[in-house]
Structures are given as C-alpha cells and as structure tokens.
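Reading through the structure tokens given below for one structure.
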Amino acid sequence: MGKLVSLLLTTYNNEAVIGRTLASIEAQDYPFIEICVADSCSTDNTLKIIEEFRNHTKYKVVMESKKDSGIYEGLNNAYKLSSGDYVQVMNDELTVSDAISKLVRSIEELEKTTDPKTVIGAHSDLIYAEDGKVVRYWRMGQGNILSGWMPAHPTLMLKREVYEHYGLYDTSYVSASDYEFIVRILIEGGKLAYVPEVLISMYYGGTSNAAMYNYVRSITESLRGLKENHVKHPLIVTMLRTVRVALQFVNNKNLAQVLHE
C-alpha cells in the first residue's frame, strides 16, 4: 500500500463551493486518500452535501461537526481526525486529476537525492480565481523565508511527523496562523520538494485579504510570527514578502490560459 494522504477540510456554510472541492478530490487518480472534515455547525446544506458525497465516494470520509473559534481551530480539529502519512489542507479546488500523485511523487523523488530526514513535504504553484478569471498567480519556485519567499499554504503537503514535531496551528492568531506555522517548520532548514505547476485553484477571498483591515492585521500578525520564531530583521522580511505578494497579481488573464501555460 502506498502512503496515505489526509486532506483536511474545514467548513462552515460552504454550500456554494464545497461540491466543487469534493468533486476535484473525487477526480484524483491517487488511490490512498482520506478526507477529514471539521465542520463548525453549518446551518445551510453543507453537511447534506458532504453526507451525500460520503455515501458515493471511492475515498474514506471522516467528519465531525462542532463549534470552533475559526479556521485554525478547525484545521487542528481536522488534523486530529486524520491518520495519513502525508497531510494537506484542502479547502479549495485541485486543478488536475494527478495533483495529489504529483506532490507525493515529488517528495519521494527528493528523498532519493537528499537526506530523507531533511525532507518535510512538497508544494506547488497556485492561483486565486474569481468567476473564471485569475486574480493572483503564485509561481512559487524555491527560496528562503529571509528573502520574503513563502510556499503557498493551500498547496503544502507535509509529512505527518512535521505536525508531531512542530505542533499545530496557533489559534491566538486570527489571520496569519498559517504563515507563523510555515515559518516555524522552515526556519530550521527543512526541505520542500517543488512541483512547478498550478495544482490548486484557491477561491478568492480568505481571512487575510477579505478587507483592508484584515490585510493590515495579517501583516501585523506576520511580523509577530517572525519575531516569535526568532527570525532576524522581521520588518525587512515582511517588506520583501509584501513586494512578492504584490507581484503575484495579474490582470484579465483567463483561467484556462494560465492552467495550460
């Protein structure tokens, strides 16, 4: 049996998009997937859609519905439901049927050429899409967090032992717990395999960029995350990261064009 991949879904009144997320998972060619859903007591048709999916999917679905404080506690709850060798947050849409296979394979290939103990996972390129148009395109590449580089959290597949060693998401953060988590796991020099393709289409919006107030809060919390993890020159790192983010925006580019570049 191959490595089991746990996909962590957090839901709250997501009936508008949850079907697309689940359909993109069902279309995967990787056979060893479990879907771990932490729902925060949805009042719309979200749970009905998930239950119907669970009755027909080829994959195992583990789900619980209980109130949480937000997406980061939800992710922690979903992780606690999981048992996979690899873990990936999955609140958006996989763009190709072999997305999970490619991430798993990239980890295995990197482990053949470097010390497997230093390999912590894999990541890929990402788009933010709205109404079929790309709003932001992250061509991630490889880099160093001190230069403002940061892998896109929605594309990140990590070994289970990463969570066991570094812990879960810090729920005292409102907008940037994912950023603090990535800083925490990368600051010691862990290696990520990279798939230079768009594997995730992220629904535009999110906690950190839904409004200017949230964006400012995200920047403030990012600074805090760097300081708490003892990263030197946190203000400079934050400024470099902000520039990198700004450069990811694209205008009037059709989704299909980007996906087939």
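The values are calculated or read from the model by the stated rules, or taken from the named source; none is laboratory data. Small disclaimer: the values here were computed from a predicted structure and weren't measured. Cβ coordinates were reconstructed from backbone atoms using ideal geometry, including for glycine residues, and neighbour counts include every protein chain displayed.
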Check your understanding: What about I49, is it closer than 23 Å to L199 by Cα and of a type in the set (A, V, I, L, M)?
Key -> no
Revision key, fill the gap. The lone condition V198 fails out of (1) more than 27 Å from E221 (Cα to Cα); (2) part of a loop (DSSP other than H, G, I, E, B) is (2)
**Study point:** Residue list for region 122-144, filter: touching a residue at least 60 places away in the same chain (Cβ under 8 Å) and more than 17 Å from the chain's Cα centre (by Cα)
**Key:** E130, G132, K133, V134, V135
Practice item. Select from region 4-24 the residues that are at pLDDT 95 or above and small (G, A, S) and write down the one among them that is surrounded by the fewest Cβ atoms within 10 Å (Cβ to Cβ). Key: A23
Check your understanding: So which pairs qualify, if the first residue must be in region 216-232 and part of a helix (DSSP H, G or I), the second must be surrounded by 17 or more Cβ atoms within 10 Å (Cβ to Cβ) and of a type in the set (V, I, T), the Cβ gap must be under 6 Å, and the two must be at least 6 apart or on different chains?
Key -> S222/T238; L223/T238; G225/V183; L226/V237
Revision key, fill the gap. Of the residues in region 114-129, those that are assigned to a loop (DSSP other than H, G, I, E, B) and either of a type in the set (D, E) or touching a helix residue (DSSP H, G or I) at 6+ places or on another chain (Cβ under 9 Å) (or both) come to D115
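Assess whether W149 counts as being of a type outside the set (A, V, I, L, M), buried (at least 21 other Cβ atoms within 10 Å of the Cβ) and within 23 Å of P234 (Cα to Cα). Give the steps one after another, and end with the answer.
Numbers: of a type outside the set (A, V, I, L, M): yes; buried (at least 21 other Cβ atoms within 10 Å of the Cβ): no; within 23 Å of P234 (Cα to Cα): yes.
Judged against the criteria, W149 is not a match.
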Check your understanding: Taking interchain pairs and intrachain pairs at least six residues apart, which have beta carbon atoms under 6 angstrom, with the first residue in region 45-64 and surrounded by 13 or more Cβ atoms within 10 Å (Cβ to Cβ) and the second among the acidic types (D, E) and at pLDDT 95 or above?
Key -> N45/E15; T46/E15; T57/E26; K60/E34
Study note, to complete from the structure: All-but-one check, Y213 against (1) surrounded by fewer than 17 Cβ atoms within 10 Å (Cβ to Cβ); (2) at pLDDT below 90; (3) under 19 Å from R136 (Cβ atoms), failing number (3)
Point to revise | Test for Y173: is it under 24 Å from L81 (Cβ atoms), modelled with pLDDT of 90 or more and in contact with a strand residue (DSSP E or B) (Cβ under 8 Å, 6 or more places away or on another chain) | key: no
Point to revise | Residues located in region 65-91, provided they are among the polar types (S, T, N, Q) and buried (at least 18 other Cβ atoms within 10 Å of the Cβ) | key: N76, N77, S82, Q88, N91
Check your understanding: Among the residues of region 82-105, is any free of Cβ contacts under 8 Å to residues at least 40 places away in the same chain and either within 27 Å of Q142 (Cβ to Cβ) or among the polar types (S, T, N, Q) (or both)?
Key -> yes
